[in-house]
Structures are given as structure tokens and as C-alpha cells.
Amino acid sequence: MDSQTTLGITPIIIGLIVLFFLGARIVRPTHRALIERLGKYHHYAEPGFHWIIPFIDRMYQINTTEQMINAEKQEIITNDNLNASVDAQVYFKIRPDEESVKNSQYNVNIINYQIVNLARTTLRNIIGTMTLKSANSERGRINKNLYTTLIEETAGWGVEIVRTELKEIDPPKDVQETMNKIVKAENEKVAAVDFATAVETRADGEKRAEIKKAEGIRQAKILEAEGEAQAIALVNEAAEKYFVGNAQTLRKLEALETALSNNSKIIVPSDKELINVIGEMAGVLPIIKRSES
């Protein structure tokens, strides 16, 4: 091979090498690719090495991993005519099959932008029918409705809505201060009711204790009265037994009882009848004095 032939082949080899590198493409495992030829879809590319015709073919790589987009904070007028600042996040991913990847590029223009605006519009429609209080207390319901609507509306976009998260629902500052005062007042009211209930319970307990104490005193007095009645009954029985028709002897015995209760020293008259009565009541036999012979 002469030098002229060599010089002719060399540019061709160099051109082929340059053409090879110009058409070489690498698709990562996190992506899928669509290859268009002269502006028309040609074929689908899996992860790995691919070669396209430079200047004729064009490759578009699409990320199929889970992505998060912020729906951006917006002011929404609630059903009770209050402005609420609402922010949300949407998590989604493009399905890795060929049809889904094609739909994400050919059925919707700038998919991230479309999802953001769809989420914002859906939030306005949902929260606009709710009061500010119910919107704050029913975040789960708002999330569920937002998630369901996004799935329905993006069915032909080749995406999978993984989840939605409502980040915040903030009322205006003056409304927030008023709500805080209302909550504080309600808490103080509950505390006051609890305190009143505790005081009432304590008073009721003290009342029951006083009633039991009074019942105890009453029972003691009843028992004392019954004892006195029994004592009177015994006295009456003794009087009927020993002093029927002899009032004078009874009077002497009562005088003797009074004297003995005062620890007084007395001289008992030598009245045989009185001594016999005292002895019999005390369980002592009377002493009979024998006459001196």
C-alpha cells in the first residue's frame, strides 16, 4: 500500500471514530430514554450503552426515580371568608415501562409544572368548601382528596402519584391570635369546671361525714336513753317490791343514796326494816343482834 492510499484511508478512519463518539450514549439505571429520528419517535432505550446516528437521531433521557415537587404556598379563601396560607408537597415517579415514559413526554407538556398547578387548583377547590377550623382539623381528609384527584387527573401521563403531604394551613396573624385566645379561654373554662367539680365532691364528702357523725351521736343518745329507761324500770321494780305502801322508808333510802354518792359519812338509824332492805338489795343478809341474857 503506497503512501497516497494510506493518506486517503486515514481521514476515513478518523471520521468513523469521531462519528462513533458523537453517537455514543450511556443511559443510567435511574433513567429510561426515548430516541427520535428526524423528529419522530423511533425506539425506546433501556439502561446501558446505545449508539445513535449523530445529527439525525436525538435521545431524551427521563428520570424514573421518585421525585418531590413543592406546590408552592398560596392564599386560599375558606368557606368562612378567611384567607389561609396553604402549602403542600407531591411525591411522584414516572413508571419505567415504554408506554408510560412516552406518555410522560408526549401527553403532557412539562410534567412537573402541570402537577404543581393541578395540585394548587385541587387544594383551592377542596379548602374553599371548608371553614378554616375544619380545614385545620381535617388535614387527613384534605390529603386523601388531593391524592385521589391527582391520581385520576394524571392517569394518562404515565406517572405514579406516590403520596401527597399538606405542609401547613396558616390563618392570618390577627385570626391566629384570636383563635389562640379562644383556645386559652376554653382551657380555662375546663379547668374551672374541674375545680368546681372537685370542690363539690369534697363538700359532698364532708356532708356525708357530718351526717354519719350526727347519726353516731343520735345512736349514742338513743342508747343512753334506753339505758336510763332500763335503770328507771329497775328502780320502779325495786320500789314496787320493797316500798309499796311504805313511802317513808323509800324516802329514807333515797336520802341515804344521795349521801353515799357524795361520800358523806352517815349514821344509819337502827331501823330494822331499812337495814333489811339495804342488805337484800346489796345481796347481804342482815345481821340479827342477839339480846343479852
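Here are a few things to note about the model shown:
- Taking the conditions (1) exposed (fewer than 13 other Cβ atoms within 10 Å of the Cβ); (2) more than 16 Å from Asp170 (Cα to Cα); (3) assigned by TED's automatic domain parsing to the domain that holds Leu166 in turn, Ser100 satisfies each one other than (1).
Condition check ((1) modelled with pLDDT of 65 or more; (2) of a type in the set (Ser, Thr, Tyr); (3) closer than 30 Å to Thr78 by Cα; (4) not in a helix (DSSP H, G or I)) across all residues:
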{"site": "Glu186", "(1), (2), (3), (4)": "yes, no, yes, no"}
{"site": "Ala198", "(1), (2), (3), (4)": "yes, no, no, no"}
{"site": "Lys212", "(1), (2), (3), (4)": "yes, no, no, no"}
{"site": "Ile217", "(1), (2), (3), (4)": "yes, no, no, no"}
{"site": "Gln230", "(1), (2), (3), (4)": "yes, no, no, no"}
{"site": "Val235", "(1), (2), (3), (4)": "no, no, no, no"}
{"site": "Lys241", "(1), (2), (3), (4)": "no, no, no, no"}
{"site": "Thr249", "(1), (2), (3), (4)": "no, yes, no, no"}
{"site": "Leu253", "(1), (2), (3), (4)": "no, no, no, no"}
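- In the set (1) within 30 Å of Ala33 (Cα to Cα); (2) of a type in the set (S, T, N, Q); (3) surrounded by 15 or more Cβ atoms within 10 Å (Cβ to Cβ), Thr148 fails one condition alone, (3).
- Yes/no for Tyr113 being under 23 Å from Arg37 (Cα atoms) and not assigned by TED's automatic domain parsing to the domain that holds Glu36: no
- Of all residues in the range 23-53, those being surrounded by fewer than 17 Cβ atoms within 10 Å (Cβ to Cβ), part of a strand (DSSP E or B), small (Gly, Ala, Ser) and free of Cβ contacts under 8 Å to residues at least 24 places away in the same chain number 1.
- Pro96 meets each of the listed conditions (1) in a loop (DSSP other than H, G, I, E, B); (2) of a type outside the set (A, V, I, L, M, F, W, C); (3) at pLDDT below 90 apart from (3).
The values are calculated or read from the model by the stated rules, or taken from the named source; none is laboratory data. As the structure is a prediction and not an experimental result, all values here were calculated from the model. Backbone-built Cβ (ideal geometry, glycine too); neighbour counts: all protein chains shown.
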